[in-house]
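Right, one structure below, let's go through it.
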Amino acid sequence: MTDNLDIDRSLGFTIAARNARGRLVRLGPVLESIISAHAYPPVIEKLLAEALVLTALLGATLKDDSGQMTLQAQTEGGPIDLLVCDYRGGELRGYIKFDADRLAEMPVDPTLFALFGKGYLAITFDQVATGERYQGIVPLEGANLSDAAESYFAQSEQIPSLIRIGVTRGEHGCVAGGLMLQHLAEGEDGRDRIHTRLDHPEWEHVAILGSTIKIEELAQRDLPLETIVWRLFNEETEVRLLGGASLTKGCRCDVVHIRDVLSKFPVEERASMADETGKIGVDCAFCSRIFAIPVAELENAAETTK
Ligand SMILES: [Zn+2]
């Protein structure tokens, strides 16, 4: 039996002697359900899969569970208009808005520049518990999103990082995996550093081992994440596994919430929002769904609270 799947999960680990931390993520059904809400061409599907893996890797670095991490690509001149993904407490969502005609003119394996033009990647951490918000913006340069994320960490957080992401599509649908390794100098939080030292010998050692990871290993559904950690780092004196966390598809577009938001609008305004059948259409770009809420069914929160 090869039914022992290791998917829709992340696993953290540390290599204390090298001052390194790492995380592995693998997405399967969660990825498939996010993607299947849209009819994406293969290039867009792969890009969104990479972005979602990256989001799961970065989101896991949030210190509090209620915090949110948002990955957003702002673009200028490419066929992609917008890419947004976010993570909150293990919940992932994301979508891409693009110009289908212009995308069709692209070569088979377009570069980041071909897709985004002169684009930027904005990475935002909202720590809800402390009210802290931190945003870093880097140019969308390099071969793929992981390159851009590595330069985000080097430039905005002064943390040397190695990020690898693999995406495959086979008989079981889309499966994607990612590895992130980071060097944290003793007792330091990256943002306090003055400059990033990318050539620290202990970091070079970890990065060399980490870069032997194969795309197939990252996206192999039945290869336990723990086995990958062992394959890469079994010669290290101590590798501590930090435990795994499951990942799910999550969105905040439920009918109850939408009604609640709409009921706060003044009655006249709601009436003007409704179509000729008396319904207000609210669409969720993440889920590619439209909710038609009958105005007559809304409560008058605006009046009752005053
Ligand atoms: Zn939604």
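The values are calculated or read from the model by the stated rules, or taken from the named source; none is laboratory data. All figures in this text were calculated on a predicted structure; none of them were measured in a lab. Neighbour counts are summed over all protein chains in view; Cβ atoms, including those assigned to glycine, are modelled from backbone coordinates with ideal geometry.
Details
- Residues of the stretch 54-71 that are in contact with a Cys (Cβ under 8 Å, 6 or more places away or on another chain) and within 19 Å of Val128 (Cα to Cα): Thr55, Thr70, Leu71.
- Given (1) of a type outside the set (Lys, Arg); (2) away from the ligand (no atom under 16 Å from the Cβ); (3) at pLDDT 90 or above; (4) in contact with a Lys or Arg (Cβ under 9 Å, 6 or more places away or on another chain), number of the condition Ile123 does not satisfy: (4)
- Scanning the stretch 241-258 for residues that are away from the ligand (no atom under 16 Å from the Cβ) and loosely packed, with under 12 Cβ neighbours inside 10 Å gives Gly243, Ser246.
- The stretch 214-258, subset at pLDDT below 90 and closer than 18 Å to Thr61 by Cα, residue nearest to the chain's Cα centre (by Cα): Ala245
- The set of residues in the stretch 33-51 that are surrounded by fewer than 17 Cβ atoms within 10 Å (Cβ to Cβ) and at pLDDT 95 or above is empty.
- Counting only residues that are away from the ligand (no atom under 15 Å from the Cβ), surrounded by fewer than 19 Cβ atoms within 10 Å (Cβ to Cβ) and not basic (Lys, Arg), the stretch 86-102 holds 5 of them.
- Tabulated pairs, the stretch 268-291, first within 16 Å of the ligand (Cβ to nearest atom), second of a type in the set (Ser, Thr, Tyr), C-beta under 8 angstrom, 6+ apart or interchain: Ala285/Tyr95; Phe286/Tyr95; Ser288/Tyr95
- The stretch 41-69 residues that are of a type in the set (Ser, Thr, Tyr), paired with ones that are assigned to a loop (DSSP other than H, G, I, E, B) (beta carbon under 9 Å, 6 or more apart): Ser66/Gly89; Ser66/Val128; Ser66/Ala129
- Of the residues Leu54, Leu24, the single one that is under 19 Å from Cys251 (Cβ atoms) and buried (at least 18 other Cβ atoms within 10 Å of the Cβ) is Leu54.
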